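The values are calculated or read from the model by the stated rules, or taken from the named source; none is laboratory data. Bear in mind that the values here come from a model prediction, so they are computed numbers and not experimental data. As a convention, Cβ positions derive from the backbone with ideal geometry for all residues, glycine included, and neighbour counts pool all protein chains shown.
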Amino acid sequence: MSTQAPTFTQPLQSVVALESSAATFEAQVSGNPVPEVSWFCDGQVLTAAALPGAQISFSDGRAVLMIPAVTAAHSGRFSVRATNGAVETAPPNFIQRLQSVTVRQGSQVRLDVRVAGIPTPVVKFYREGAEIQSSADFQIVQDGDLYSLLIAEAFPEDSGTYSVSASNSSGRTTSTAELLVQGEEVAVPAKKTKTFVSTSQISQTRQARVEKRMEASFESAAMMEMQIEDGDLAHKAPTRVPPKLTSKSPTPPGGVSKVAAMRHQSPSPVRPVKAPIHTPHR
């Protein structure tokens, strides 16, 4: 029978468990000869001494790790590896997953992951489900098990959901995070600020201004009247009343002027004339 390298037909799945409850990790692997399976937590080999109470089993290609009562100390990244003497294989496992980040417009962005797996996984970056190809704006670099996506200058349109997939012959896994690029806030001088209001608001504003002006006018007029009543009347000369005529029938102005003219034309006073004396005849 030919030799067949171990292959994970069912990769590990993440598990969320309540404290004191049981947590079970399971994977399906095939190979010839029958592979040997090893379990790891955060890159460290798991043994009965390292994980008291844990149950590790492998039968008919089914690898199982069961922790009867989990605690906060059991939190971590679990992985499984299979070897059969000919070729060692291990499904991809993120030692360091993507982290969400918020940056300002124009900043440089770096999204990092660390991936382990045998054979070495193929790592790809995606934005909103579309694969990112390395370019001048988006560079994908690798340094050992560290894979990075570099964005030279981020803009708001670069915001979105980014993901990384790692796959090899033993399986595939994905990590996802969010990138938010905030635009620059432009300060506008107060003098240039414009407030747009509706026509009805403009009419109401103008009417309010007119009413205020009318109120101000009424107030100033009232103040002037109060000042006159309080101060000016005390210093004002009494009203002159024309003298009353003693005659009940006053002479018309025209008659007065005629008399005055006649008196001016008389050169001398009028002398009285004596009546003749009647002498009787003898």
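With respect to residue 80, is the statement that it is out of contact with any Asp or Glu (no Cβ under 8 Å at 6 or more places or on another chain), touching a residue at least 24 places away in the same chain (Cβ under 8 Å) and assigned to a loop (DSSP other than H, G, I, E, B) true?
Numbers: out of contact with any Asp or Glu (no Cβ under 8 Å at 6 or more places or on another chain): yes; touching a residue at least 24 places away in the same chain (Cβ under 8 Å): yes; assigned to a loop (DSSP other than H, G, I, E, B): no.
Spelling it out, it is not the case that residue 80 is out of contact with any Asp or Glu (no Cβ under 8 Å at 6 or more places or on another chain), touching a residue at least 24 places away in the same chain (Cβ under 8 Å) and assigned to a loop (DSSP other than H, G, I, E, B).
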ask   = Looking at 120, 71, 47, which is the one that is hydroxyl-bearing (Ser, Thr, Tyr) and in the same structural domain as residue 161 (by TED's automatic domain parsing)?
value = 120
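Take the conditions among the β-branched types (Val, Ile, Thr) and touching a Lys or Arg at 6+ places or on another chain (Cβ under 6 Å) and apply them to residue 56. Does it pass? Please lay out each step first, then the result.
Numbers: among the β-branched types (Val, Ile, Thr): yes; touching a Lys or Arg at 6+ places or on another chain (Cβ under 6 Å): no.
For residue 56, the condition - among the β-branched types (Val, Ile, Thr) and touching a Lys or Arg at 6+ places or on another chain (Cβ under 6 Å) - is not met.
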query = In the range 111-142, which residue that is surrounded by 12 or more Cβ atoms within 10 Å (Cβ to Cβ) and of a type in the set (D, E, K, R) is farthest from residue 42 (Cα to Cα)?
reply = 137
request  = Go through the range 25-37 residue by residue and tally those that are within 21 Å of residue 4 (Cα to Cα) and surrounded by fewer than 18 Cβ atoms within 10 Å (Cβ to Cβ).
outcome  = 6
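For the range 39-48, indicate whether the set of residues that are over 24 Å from residue 115 (Cα atoms) and either crowded, with 17+ Cβ neighbours inside 10 Å or not basic (Lys, Arg) (or both) is non-empty.
Filtering the range 39-48 for residues over 24 Å from residue 115 (Cα atoms) gives 48.
Cutting the leftovers down to either crowded, with 17+ Cβ neighbours inside 10 Å or not basic (Lys, Arg) (or both) gives us 48.
Yes - at least one qualifying residue is present in the range 39-48.
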task = Mind listing whichever residues of the range 50-68 are free of Cβ contacts under 8 Å to residues at least 12 places away in the same chain and either within 51 Å of the chain's Cα centre (by Cα) or not assigned by TED's automatic domain parsing to the domain that holds residue 16 (or both)?
result = 50
note = Taking the range 151-164 and keeping only residues that are over 23 Å from residue 117 (Cβ atoms), more than 24 Å from the chain's Cα centre (by Cα) and at pLDDT 95 or above, one is left with 151
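Filter the range 87-122 for residues that are β-branched (Val, Ile, Thr) and touching a residue at least 60 places away in the same chain (Cβ under 8 Å); which is nearest to residue 178 (Cα to Cα)?
If we filter the range 87-122 for residues that are β-branched (Val, Ile, Thr), which is where we start, we get 87, 89, 95, 101-103, 109, 113, 115, 118, 120, 122.
Subset that is touching a residue at least 60 places away in the same chain (Cβ under 8 Å): 87, 89, 101-103, 109, 113.
Numbers: 87: 37, 89: 31, 101: 7, 102: 8, 103: 11, 109: 12, 113: 14 Å.
Applying the filter and picking the extreme gives 101.
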request  = Among the residues of the range 142-167, write down those that are among the polar types (S, T, N, Q) and in contact with a Ser or Thr (Cβ under 8 Å, 6 or more places away or on another chain).
outcome  = 142, 161, 163, 165, 167
